[in-house]
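Novice: Below you will find the structure I want to go over with you.
The values are calculated or read from the model by the stated rules, or taken from the named source; none is laboratory data. Predicted model, so just to flag it, every value in this text is computed and none were measured. Every residue, glycine as well, gets a Cβ built from its backbone with ideal geometry; the counts of neighbours run over all protein chains shown. When the accessible area is computed, the model is the full protein with side chains, heavy atoms only, and any ligands, DNA or RNA have been set aside. Shrake-Rupley method; radii C 1.70, N 1.55, O 1.52, S 1.80 Å.
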Amino acid sequence: MGEDPSIPSSSSSQMSEDDDRSPPFDLIDGQIASNKARNCSGVSGSSGSGGNSIEYSVPYSDQVLENVLENVLCFLTSRSDRNAASLVCKSWYRAEALTRSELFIGNCYAVSPRRATARFTRVRAVSIKGKPRFADFNLMPAHWGAHLAPWVSSMAKAYPWLEKLFLKRMSVTDDDLALLAESFPGFKELVLVCCDGFGTSGLAVVASKCRQLRVLDLTESDVMDDDVDWICCFPESQTCLESLMFECVECLINFEALEKLVARSPSLKKLSLNRFVPIGQLYRLMVRAPQLTHLGTGSFNTSEVMAQGDQELDYRSAFAACKSLVYLSGFREILLDYLPAINPVCGNLTTLNFSYANINAEQLKSVICHCHKLQTFWVLDSICDEGLKAVARTCKDLRELRVFPVNAQEDIEGPVSEVGLQAISEGCRKLRSILYFCQRMTNAAVIAMSNNCPDLVVFRLCIMGRHRPDHVTGESMDEGFGAIVMNCKKLTRLAVSGLLTDGAFSYIGKYGKLVRTLSVAFAGDSDTGLKHVLEGCSNLQKLEIRDSPFGDTALRSGLHHYYNMRFLWMSSCTLTRQGCREISRELPGLVVEVMKNEQEEDTGEPENVDILYMYRSLEGARDDIPKFVEIL
């Protein structure tokens, strides 16, 4: 209680909000300023026989240290390194805060906007994350929170020079966007990922008032159609736009205004279109902007009323003219006759996103055979195992692969299996990250991947049928996942599925020492499984569990580690209200939220907990909880 709040303590180091490795994060009230005074007391001494006095003026050592530190720390970009530096002593703590220009908030409720802006006073770029990832799968009731309003209000006062804002899973209103546009005259970059609550009215304000805007990226966000023509609100003069991505905006756009905007944006490098832009209009935009490096193609189909002559357009030549293209996505409503048009650029592509293109193996082969430089590939499982074999034969430099299901039902015979996974592991030895949805798998294929791709950092295998064993041997998938954590020494993110016993979690706890994010679904035998993880995975930051037999005993086994974690999510497990209440009582710095589905009737306080969301916070309980949330 008697500690100086401006000096980081051992407990504060457990409350990091801005790094997966849980580096220190301690925020203090009040303004922090560096002492840059150069006027110091003199030191007298004698020189020569005449006894003439020479006065030397030297600064105090701590002042020299702070001045040097500020100049050195300006070159320190890693968040974990900066947080480690801030723990050294009071001087380093102050200097690090004064030189930080980028602020990352991993959980918008872990710290208050007031506290963050008071400590970091010279920030120009802010990143904030809101809801946990399971919100993407409708596992979190709507209207839970993560409101931008208090953050943008505080930043408007503290950071009038703010240039960049990145938001993920935040609730953003049109009023928030209007305040942002009015408060930051030099604002340049806005990126909204998986956000909701705003519409085309808010986009119109940003477009019209942010005159120096370089980046406006909307990714997988829910944007309401306010019947406002936001595209025409950009300045009529030459713009600074470098990136414009609106693939997720589900409404018609003013194409004439868009074409003029592209024409007067000579610095535009990234353009991602929504499904209402047909291929004929895509052609016109490509002719206007051959300098593009990243392109989201829109529908890649013709419009219902095709303009006269559109059928005769040379789409292949338009792609060939874009010699700098390295990234292609879109293909929302693909007309396969047009797919060969992209062949001229395939040789230079490093990223190809076919996650909306329902194509088969033969159609993929005609494209993928040209993609020798490909490093990132997203695709639907409609390409089957045969398509994955084609990828393995050609894409020897592949680093990231994601295979999504066309049909996510559990009781179907999926088109990809262990055959495709093993082919990828044998052909793409440089693979670092994989997300693989399938209906059947074998331990042998997973073990082969662990041996062939030992540099894997991310391994997410989603066997969609519940509790499905190795479909050849009938055994659990324990040995496969055990091999992954044993052989992939750099692994930091793991998602497990299929029939798994506590033995699989024993492997994870024993060998998954670098794992920071673990996702579990329909797995485990008893509390012992989760106990292995919480006691063994010392770097664990984010733990997501659904529909697994873990209860109060398992929850208590992590008491020693919860302050080091960003969050724990458990839904449809065997937790009780009393067990969760005991955790909140023993760890007062932890916020323990229990919630029920928003549509459920209020029947008092049920003993069983449907959803638990637990996270560290410097502020305690939030003040914007909806009625279906209770903070214990």
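Novice: Give me a comma-separated list of calculated 3J(HN,Hα) values for region 172-180, in order, Karplus coefficients 6.51, -1.76, 1.60 applied at θ = phi - 60°, integers in Hz, x for any Gly or Pro.
Specialist: 10, 9, 4, 5, 4, 5, 5, 5, 4
Novice: If you don't mind, another one. Determine the sum of side-chain charges near ASN443: Lys and Arg each +1, Asp and Glu each -1, restricted to other residues whose C-beta is under 15 angstrom from that of ASN443.
Specialist: -3
Novice: Moving to a separate point now. Mind jotting down the distance between the C-alpha centroids of region 320-383 and region 169-240, whole Å?
Specialist: Comparing the Cα centres of region 169-240 and region 320-383, I get a distance of 30 Å.
Novice: Can you give the local net charge around PHE134? Use residues other than it whose beta-carbon is closer than 12 angstrom to its beta-carbon, Lys and Arg +1, Asp and Glu -1.
Specialist: Net of charged neighbours comes to +2.
Novice: Would you mind checking which residues have amide H under 5 Å from SER127's amide H? H placed 1.01 Å from N; only 5 or more apart, or other chain.
Specialist: For SER127, the qualifying residues are LEU103, PHE104, ILE105, PHE166.
Novice: Next question, about the same structure. When the helices in the chain are scored as -39500 (n - 2.57) per DSSP H run of 4 or longer and the sum is shared across all residues, what 222 nm value do you end up with, to the nearest 500 deg cm²/dmol?
Specialist: Helix-only estimate at 222 nm: -8000 deg cm²/dmol.
Novice: Let me ask something additional. Which stretch or stretches of region 344-359 have amide N atoms under 15 Å from the point lying 7 Å from LYS373's Cα along the Cα→Cβ direction?
Specialist: Inside the label zone: 344-352.
Novice: I would also like to ask the following. Going by average Cβ neighbours within 10 Å, how do the peptides 612-618, 180-186 rank, with the highest at the top?
Specialist: 612-618, 180-186
Novice: Separate question: With a point put 7 Å past each Cα toward its Cβ, work out how far LEU76 is from VAL287 in nm, to one decimal.
Specialist: 5.5 nm
Novice: Using 0.36 nm per residue of separation minus the Cα-Cα distance, give me the extension gain between GLU250 and SER366 in nm, one decimal.
Specialist: Roughly 38.7 nm would be gained on extension.
Novice: Output the peptides 392-398, 332-338 sorted from most to least packed, where packing is the average of other Cβ atoms within 10 Å over each peptide's residues.
Specialist: Answer by packing, highest mean first, reads 392-398, 332-338.
Novice: With only alpha-carbon atoms counted, please give the Rg and Dmax of the chain, in Å.
Specialist: Radius of gyration, then largest Cα-Cα span, for the chain: 27.5, 102 Å.
Novice: Given R₀ = 45 Å, what would the calculated FRET efficiency be for ARG264 paired with GLU619, taking r from the Cβ atoms and rounding to 0.05?
Specialist: Calculated transfer efficiency: 0.50.
Novice: Of all the accessible heavy-atom surface of the chain, with the other protein chains kept in place and a 1.4 Å probe, what percent is carbon and sulfur?
Specialist: Percent of accessible area from carbon and sulfur atoms in the chain: 49.
Novice: Could you do me a favour and compute the accessible area per residue for the chain, 1.4 Å probe, result in Å²?
Specialist: So the chain comes to 42 Å² accessible per residue, rounded to a whole number.
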